[in-house]
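Report on the structure given below.
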Amino acid sequence: MSMQPGAPTRRLNVHELRRMKERGEPIAVVTAYDATAARLVGAAGVDVVLVGDSLGMVVQGHDSTLPVTLEHMIYHSAMVRRGLTRAGARAHLVGDMPFGSYQASADEAVKAAMRMVAEGAVEAVKLEGGSDYAEVIRRVVRAGVPVMGHIGLTPQSVHKLGGYLVQGKDVDRAQALLRDARALEAAGCYAVVLECIPTELARVITGQLGIPTIGIGAGPSCDGQVLVLNDLLGLDPSFSPKFVKRFAELGAEVTGAVGRYVGEVRAQTFPAEEHVFHAASVRLVPVAEDLDEGREDLPGVVGAPV
Ligand code: KIV
(Lines give C-alpha, C1' and ligand atoms only; values in the text may rest on other atoms or scores of the structure.)
Protein backbone atom coordinates (compact mmCIF):
# COMPACT_ATOMS: atom_id res chain seq x y z
CA MET A 1 0.00 0.00 0.00
CA SER A 2 1.56 3.33 -1.02
CA MET A 3 1.38 6.19 1.49
CA GLN A 4 -0.26 9.41 0.25
CA PRO A 5 1.70 12.52 1.22
CA GLY A 6 0.09 13.94 4.34
CA ALA A 7 -2.01 10.80 4.86
CA PRO A 8 -2.30 9.70 8.47
CA THR A 9 0.04 6.85 9.46
CA ARG A 10 -1.67 3.46 9.64
CA ARG A 11 -1.52 2.41 13.28
CA LEU A 12 -0.96 -1.08 14.64
CA ASN A 13 -4.19 -2.54 15.99
CA VAL A 14 -5.17 -5.38 18.28
CA HIS A 15 -5.55 -7.84 15.38
CA GLU A 16 -2.07 -7.09 14.05
CA LEU A 17 -0.59 -7.61 17.51
CA ARG A 18 -2.17 -11.06 17.61
CA ARG A 19 -0.81 -11.83 14.14
CA MET A 20 2.64 -10.78 15.38
CA LYS A 21 2.35 -13.49 18.05
CA GLU A 22 1.27 -16.03 15.43
CA ARG A 23 4.25 -15.12 13.25
CA GLY A 24 6.61 -15.23 16.24
CA GLU A 25 7.48 -11.52 15.85
CA PRO A 26 8.44 -10.02 19.23
CA ILE A 27 6.37 -7.01 20.32
CA ALA A 28 8.30 -4.02 21.72
CA VAL A 29 6.33 -1.99 24.28
CA VAL A 30 7.52 1.04 26.24
CA THR A 31 5.85 3.58 28.49
CA ALA A 32 5.59 7.30 27.75
CA TYR A 33 3.94 10.06 29.72
CA ASP A 34 4.26 13.22 27.61
CA ALA A 35 4.43 14.43 24.02
CA THR A 36 8.22 14.73 23.83
CA ALA A 37 8.78 11.18 25.05
CA ALA A 38 6.02 9.91 22.74
CA ARG A 39 7.63 11.60 19.73
CA LEU A 40 11.00 10.03 20.58
CA VAL A 41 9.75 6.48 21.25
CA GLY A 42 7.41 6.68 18.24
CA ALA A 43 10.32 7.63 16.00
CA ALA A 44 12.28 4.67 17.42
CA GLY A 45 9.68 2.31 15.94
CA VAL A 46 8.16 0.90 19.12
CA ASP A 47 5.06 -1.27 18.49
CA VAL A 48 3.00 -0.29 21.53
CA VAL A 49 3.18 2.77 23.79
CA LEU A 50 1.72 2.38 27.26
CA VAL A 51 0.70 5.42 29.28
CA GLY A 52 1.34 3.53 32.50
CA ASP A 53 0.06 4.55 35.89
CA SER A 54 3.75 4.14 36.79
CA LEU A 55 3.66 7.88 36.06
CA GLY A 56 2.56 8.19 39.69
CA MET A 57 6.05 7.10 40.67
CA VAL A 58 8.33 8.29 37.87
CA VAL A 59 6.60 11.60 37.02
CA GLN A 60 4.64 12.56 40.14
CA GLY A 61 7.20 11.28 42.66
CA HIS A 62 4.86 9.11 44.75
CA ASP A 63 6.05 5.82 46.21
CA SER A 64 3.19 3.88 44.59
CA THR A 65 0.75 4.13 41.68
CA LEU A 66 -2.24 4.46 44.01
CA PRO A 67 -2.66 8.27 44.00
CA VAL A 68 -3.01 8.42 40.20
CA THR A 69 -6.49 9.53 39.12
CA LEU A 70 -8.53 9.06 35.95
CA GLU A 71 -8.06 12.77 35.20
CA HIS A 72 -4.27 12.36 35.41
CA MET A 73 -4.39 9.37 33.05
CA ILE A 74 -6.54 11.22 30.53
CA TYR A 75 -4.30 14.30 30.72
CA HIS A 76 -1.10 12.32 30.07
CA SER A 77 -2.67 10.02 27.46
CA ALA A 78 -3.81 13.01 25.39
CA MET A 79 -0.26 14.44 25.48
CA VAL A 80 1.21 11.12 24.37
CA ARG A 81 -1.32 10.87 21.55
CA ARG A 82 -0.26 14.32 20.27
CA GLY A 83 3.42 13.33 20.38
CA LEU A 84 2.80 10.09 18.46
CA THR A 85 0.74 11.92 15.86
CA ARG A 86 3.47 14.52 15.43
CA ALA A 87 6.03 11.74 14.94
CA GLY A 88 3.78 9.99 12.40
CA ALA A 89 4.23 6.92 14.58
CA ARG A 90 2.40 3.65 13.86
CA ALA A 91 2.47 2.60 17.54
CA HIS A 92 -0.69 1.26 19.17
CA LEU A 93 -1.56 3.40 22.23
CA VAL A 94 -2.75 1.86 25.52
CA GLY A 95 -3.64 3.72 28.71
CA ASP A 96 -3.76 2.32 32.22
CA MET A 97 -7.03 2.36 34.14
CA PRO A 98 -5.94 3.89 37.47
CA PHE A 99 -6.67 2.54 40.95
CA GLY A 100 -10.31 3.15 41.88
CA SER A 101 -11.59 3.60 38.31
CA TYR A 102 -12.72 0.02 37.64
CA GLN A 103 -12.74 -2.00 40.88
CA ALA A 104 -16.09 -0.89 42.29
CA SER A 105 -18.37 -1.88 39.43
CA ALA A 106 -18.47 -2.83 35.76
CA ASP A 107 -20.59 0.29 35.08
CA GLU A 108 -17.90 2.57 36.48
CA ALA A 109 -15.24 0.65 34.56
CA VAL A 110 -17.12 1.10 31.28
CA LYS A 111 -17.55 4.84 31.86
CA ALA A 112 -13.87 5.29 32.81
CA ALA A 113 -12.65 3.25 29.82
CA MET A 114 -14.82 5.30 27.47
CA ARG A 115 -13.36 8.54 28.84
CA MET A 116 -9.84 7.16 28.31
CA VAL A 117 -10.70 6.57 24.65
CA ALA A 118 -12.79 9.69 24.00
CA GLU A 119 -10.67 12.24 25.94
CA GLY A 120 -7.29 10.52 26.27
CA ALA A 121 -7.34 9.24 22.66
CA VAL A 122 -5.99 5.80 23.57
CA GLU A 123 -6.93 2.76 21.48
CA ALA A 124 -7.13 0.35 24.40
CA VAL A 125 -7.00 0.29 28.19
CA LYS A 126 -5.04 -1.91 30.56
CA LEU A 127 -6.32 -3.04 33.93
CA GLU A 128 -4.82 -5.15 36.69
CA GLY A 129 -6.32 -8.36 38.04
CA GLY A 130 -7.20 -11.96 37.21
CA SER A 131 -10.41 -13.96 37.01
CA ASP A 132 -12.10 -11.67 39.58
CA TYR A 133 -12.15 -9.01 36.85
CA ALA A 134 -13.53 -11.23 34.05
CA GLU A 135 -16.99 -9.62 34.18
CA VAL A 136 -15.55 -6.07 34.24
CA ILE A 137 -13.38 -6.91 31.22
CA ARG A 138 -16.32 -8.46 29.34
CA ARG A 139 -18.38 -5.31 29.87
CA VAL A 140 -15.60 -2.93 28.80
CA VAL A 141 -14.86 -5.00 25.68
CA ARG A 142 -18.58 -5.19 24.89
CA ALA A 143 -18.67 -1.39 25.06
CA GLY A 144 -16.08 -1.35 22.26
CA VAL A 145 -12.87 -0.75 24.21
CA PRO A 146 -10.09 -3.36 23.82
CA VAL A 147 -8.62 -4.47 27.15
CA MET A 148 -5.05 -5.53 27.93
CA GLY A 149 -4.91 -7.62 31.12
CA HIS A 150 -2.16 -7.44 33.74
CA ILE A 151 -1.35 -10.24 36.20
CA GLY A 152 1.54 -11.33 38.41
CA LEU A 153 2.92 -8.37 40.33
CA THR A 154 0.03 -5.92 40.11
CA PRO A 155 1.30 -2.67 41.67
CA GLN A 156 -2.19 -1.37 42.50
CA SER A 157 -2.47 -4.31 44.95
CA VAL A 158 0.86 -3.58 46.61
CA HIS A 159 -0.65 -3.55 50.10
CA LYS A 160 -2.44 -6.88 49.54
CA LEU A 161 0.70 -8.44 48.05
CA GLY A 162 2.87 -7.12 50.89
CA GLY A 163 5.34 -5.35 48.61
CA TYR A 164 6.73 -5.33 45.08
CA LEU A 165 7.53 -9.05 45.12
CA VAL A 166 7.97 -11.74 42.47
CA GLN A 167 4.67 -13.67 42.14
CA GLY A 168 3.81 -17.29 41.28
CA LYS A 169 6.88 -18.89 42.82
CA ASP A 170 5.06 -21.89 44.32
CA VAL A 171 2.94 -24.43 42.47
CA ASP A 172 -0.42 -23.24 43.83
CA ARG A 173 0.22 -19.59 42.99
CA ALA A 174 1.64 -20.54 39.60
CA GLN A 175 -1.50 -22.56 38.81
CA ALA A 176 -3.71 -19.71 39.98
CA LEU A 177 -1.87 -17.32 37.65
CA LEU A 178 -2.27 -19.72 34.74
CA ARG A 179 -6.02 -19.91 35.49
CA ASP A 180 -6.13 -16.10 35.67
CA ALA A 181 -4.39 -15.79 32.30
CA ARG A 182 -6.89 -18.17 30.69
CA ALA A 183 -9.81 -16.33 32.30
CA LEU A 184 -8.55 -13.01 30.89
CA GLU A 185 -8.33 -14.45 27.39
CA ALA A 186 -11.83 -15.96 27.72
CA ALA A 187 -13.19 -12.61 28.95
CA GLY A 188 -11.95 -10.92 25.77
CA CYS A 189 -8.52 -9.43 26.57
CA TYR A 190 -6.44 -8.97 23.41
CA ALA A 191 -3.11 -9.19 25.30
CA VAL A 192 -1.88 -9.66 28.85
CA VAL A 193 1.04 -8.19 30.77
CA LEU A 194 2.91 -10.70 32.95
CA GLU A 195 4.83 -8.78 35.60
CA CYS A 196 7.59 -10.27 37.78
CA ILE A 197 6.85 -13.98 37.54
CA PRO A 198 9.30 -16.85 37.04
CA THR A 199 10.40 -17.25 33.45
CA GLU A 200 9.27 -20.93 33.48
CA LEU A 201 5.72 -19.91 34.36
CA ALA A 202 5.71 -17.14 31.73
CA ARG A 203 6.75 -19.71 29.11
CA VAL A 204 3.85 -22.02 30.04
CA ILE A 205 1.30 -19.17 30.04
CA THR A 206 2.60 -17.81 26.73
CA GLY A 207 2.37 -21.28 25.16
CA GLN A 208 -1.21 -21.79 26.34
CA LEU A 209 -2.68 -18.44 25.28
CA GLY A 210 -3.73 -17.41 21.78
CA ILE A 211 -3.31 -13.73 22.75
CA PRO A 212 0.14 -12.10 23.11
CA THR A 213 1.83 -12.01 26.51
CA ILE A 214 3.90 -8.90 27.25
CA GLY A 215 6.52 -9.52 29.93
CA ILE A 216 8.23 -7.28 32.44
CA GLY A 217 10.46 -9.29 34.71
CA ALA A 218 8.98 -12.45 33.17
CA GLY A 219 11.81 -13.65 30.97
CA PRO A 220 12.37 -13.98 27.23
CA SER A 221 9.57 -16.45 26.32
CA CYS A 222 6.86 -13.79 26.38
CA ASP A 223 5.54 -12.59 23.02
CA GLY A 224 6.67 -9.06 23.83
CA GLN A 225 8.53 -7.02 26.42
CA VAL A 226 7.64 -3.80 28.20
CA LEU A 227 9.86 -1.45 30.17
CA VAL A 228 9.25 1.87 31.85
CA LEU A 229 10.96 4.48 29.64
CA ASN A 230 12.70 6.23 32.54
CA ASP A 231 14.18 2.88 33.63
CA LEU A 232 15.55 1.87 30.23
CA LEU A 233 17.03 5.35 29.80
CA GLY A 234 18.72 5.18 33.21
CA LEU A 235 17.11 8.44 34.33
CA ASP A 236 17.19 7.37 37.98
CA PRO A 237 20.61 5.83 38.71
CA SER A 238 19.42 4.80 42.20
CA PHE A 239 16.72 2.48 40.74
CA SER A 240 18.09 -0.75 39.29
CA PRO A 241 15.82 -3.78 39.81
CA LYS A 242 17.02 -7.11 38.36
CA PHE A 243 14.58 -7.07 35.41
CA VAL A 244 15.60 -3.65 34.08
CA LYS A 245 18.32 -3.22 31.50
CA ARG A 246 19.56 0.34 31.16
CA PHE A 247 20.09 1.10 27.48
CA ALA A 248 21.52 4.55 28.33
CA GLU A 249 22.69 6.51 31.36
CA LEU A 250 20.67 9.65 30.74
CA GLY A 251 20.38 10.52 34.44
CA ALA A 252 24.13 11.14 34.64
CA GLU A 253 24.07 12.83 31.20
CA VAL A 254 21.33 15.25 32.28
CA THR A 255 22.99 16.13 35.60
CA GLY A 256 26.30 16.65 33.79
CA ALA A 257 24.75 18.85 31.09
CA VAL A 258 22.83 21.03 33.56
CA GLY A 259 25.96 21.28 35.73
CA ARG A 260 27.93 22.57 32.71
CA TYR A 261 25.16 25.12 32.02
CA VAL A 262 25.22 26.33 35.65
CA GLY A 263 29.03 26.66 35.41
CA GLU A 264 28.83 28.73 32.22
CA VAL A 265 26.13 31.05 33.58
CA ARG A 266 28.26 31.68 36.66
CA ALA A 267 31.42 32.17 34.57
CA GLN A 268 29.44 34.41 32.14
CA THR A 269 30.63 32.35 29.17
CA PHE A 270 26.99 31.64 28.24
CA PRO A 271 25.32 33.23 26.32
CA ALA A 272 28.19 33.64 23.83
CA GLU A 273 28.22 35.80 20.70
CA GLU A 274 26.43 33.10 18.63
CA HIS A 275 23.43 33.14 21.02
CA VAL A 276 22.92 36.91 20.93
CA PHE A 277 20.47 38.99 18.84
CA HIS A 278 21.59 42.35 17.38
CA ALA A 279 19.60 45.34 16.16
CA ALA A 280 21.94 47.36 13.94
CA SER A 281 19.60 50.35 13.50
CA VAL A 282 18.99 50.84 17.22
CA ARG A 283 20.83 53.75 18.82
CA LEU A 284 20.80 54.58 22.50
CA VAL A 285 20.10 58.25 23.24
CA PRO A 286 18.61 60.06 26.22
CA VAL A 287 14.76 59.99 25.96
CA ALA A 288 12.57 63.06 26.48
CA GLU A 289 11.26 62.16 29.97
CA ASP A 290 14.76 61.52 31.28
CA LEU A 291 15.95 64.85 29.85
CA ASP A 292 12.96 66.59 31.57
CA GLU A 293 14.05 65.03 34.84
CA GLY A 294 17.62 66.12 34.21
CA ARG A 295 18.70 62.45 33.89
CA GLU A 296 20.84 62.75 30.76
CA ASP A 297 22.87 59.81 31.98
CA LEU A 298 19.99 57.33 31.30
CA PRO A 299 19.94 56.05 27.72
CA GLY A 300 16.61 55.43 25.91
CA VAL A 301 16.06 53.51 22.68
CA VAL A 302 15.18 55.05 19.30
CA GLY A 303 15.08 53.50 15.87
CA ALA A 304 13.43 50.34 14.57
CA PRO A 305 14.85 46.94 15.44
CA VAL A 306 16.06 44.99 12.38
O1 KIV B 1 2.30 1.29 34.84
C2 KIV B 1 3.12 0.74 34.08
O3 KIV B 1 4.06 1.35 33.56
C4 KIV B 1 2.93 -0.68 33.81
C5 KIV B 1 4.02 -1.41 33.13
C6 KIV B 1 5.20 -1.52 33.99
C7 KIV B 1 3.57 -2.73 32.62
O8 KIV B 1 1.93 -1.22 34.17
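Scan segment 112-124 for residues that are within 21 Å of ALA183 (Cα to Cα) and either touching a Ser or Thr at 6+ places or on another chain (Cβ under 9 Å) or at pLDDT below 95 (or both) and jot them down.
Once the filter is applied, which keeps residues that are within 21 Å of ALA183 (Cα to Cα) and either touching a Ser or Thr at 6+ places or on another chain (Cβ under 9 Å) or at pLDDT below 95 (or both), segment 112-124 yields only ALA113.
Assuming GLN103 fulfils every condition listed in (1) assigned to a helix (DSSP H, G or I); (2) surrounded by fewer than 22 Cβ atoms within 10 Å (Cβ to Cβ); (3) of a type outside the set (Ser, Thr, Tyr) apart from one, which condition is it?
(1)
For segment 180-190, state whether one or more residues are open to solvent by 10 Å² or more (accessible area, probe 1.4 Å), in contact (Cβ under 8 Å) with a residue 12 or more places away in the chain and under 23 Å from the mean Cα position of the chain (by Cα).
Yes, segment 180-190 contains a residue that is open to solvent by 10 Å² or more (accessible area, probe 1.4 Å), in contact (Cβ under 8 Å) with a residue 12 or more places away in the chain and under 23 Å from the mean Cα position of the chain (by Cα).
Sort out which residues of segment 132-161 are over 24 Å from the mean Cα position of the chain (by Cα) and open to solvent by 60 Å² or more (accessible area, probe 1.4 Å), and write them in order of number.
Those that are over 24 Å from the mean Cα position of the chain (by Cα) and open to solvent by 60 Å² or more (accessible area, probe 1.4 Å): ASP132, GLU135, ARG138, ARG139, ARG142, LYS160.
Within segment 128-220, which helices (runs of 4 or more DSSP H) (wholly inside it) include 2 or more residues that are modelled with pLDDT under 95?
Answer list for segment 128-220: none.
Test ASP170 against the stated conditions and say whether it is touching a residue at least 12 places away in the same chain (Cβ under 8 Å) and either within 13 Å of the ligand (Cβ to nearest atom) or open to solvent by 40 Å² or more (accessible area, probe 1.4 Å) (or both).
No; evaluated as a whole, the condition is false for this residue.
Based on this model, can you work out whether PHE243 counts as at pLDDT below 95 and either buried (at least 17 other Cβ atoms within 10 Å of the Cβ) or within 16 Å of the ligand (Cβ to nearest atom) (or both)?
So PHE243 does not fit the description; no.
Among the residues of segment 200-223, are any within 13 Å of the ligand (Cβ to nearest atom), in contact with a Ser or Thr (Cβ under 7 Å, 6 or more places away or on another chain) and open to solvent by 10 Å² or more (accessible area, probe 1.4 Å)?
Yes, there is a match, as at least one residue in segment 200-223 is within 13 Å of the ligand (Cβ to nearest atom), in contact with a Ser or Thr (Cβ under 7 Å, 6 or more places away or on another chain) and open to solvent by 10 Å² or more (accessible area, probe 1.4 Å).
Anything in segment 29-48 that is away from the ligand (no atom under 11 Å from the Cβ) and crowded, with 19+ Cβ neighbours inside 10 Å? List them, or say none.
If the condition is that a residue be away from the ligand (no atom under 11 Å from the Cβ) and crowded, with 19+ Cβ neighbours inside 10 Å, then ALA35, ALA37, ALA38, ARG39, VAL41, GLY42, VAL46, ASP47 are the ones that fit.
Quick check, is ALA124 within 16 Å of the ligand (Cβ to nearest atom), under 19 Å from VAL51 (Cα atoms) and surrounded by 18 or more Cβ atoms within 10 Å (Cβ to Cβ)?
Against the criterion (within 16 Å of the ligand (Cβ to nearest atom), under 19 Å from VAL51 (Cα atoms) and surrounded by 18 or more Cβ atoms within 10 Å (Cβ to Cβ)), ALA124 qualifies.
Among the numbered criteria (1) under 16 Å from the mean Cα position of the chain (by Cα); (2) within 21 Å of VAL192 (Cα to Cα); (3) open to solvent by 50 Å² or more (accessible area, probe 1.4 Å); (4) not hydrophobic (A, V, I, L, M, F, W, C), which single criterion is violated by ASP96?
Among (1) under 16 Å from the mean Cα position of the chain (by Cα); (2) within 21 Å of VAL192 (Cα to Cα); (3) open to solvent by 50 Å² or more (accessible area, probe 1.4 Å); (4) not hydrophobic (A, V, I, L, M, F, W, C), the lone unmet condition for ASP96 is (3).
Among the residues of segment 49-81 satisfying the criterion of being in contact with a Phe, Trp or Tyr (Cβ under 6 Å, 6 or more places away or on another chain) and either assigned to a helix (DSSP H, G or I) or among the small types (Gly, Ala, Ser) (or both), which is nearest to the ligand (Cβ to nearest atom)?
Taking the candidates together, the pick is LEU55.
The values are calculated or read from the model by the stated rules, or taken from the named source; none is laboratory data. Fair warning: this is a prediction, and the values are worked out from it, not measured in the lab. Cβ sites come from the backbone with ideal geometry, for glycine too, and all protein chains shown count toward neighbours. In case anyone asks, the SASA skips ligands and DNA or RNA and just uses the protein heavy atoms, side chains included. Shrake-Rupley method; radii C 1.70, N 1.55, O 1.52, S 1.80 Å.
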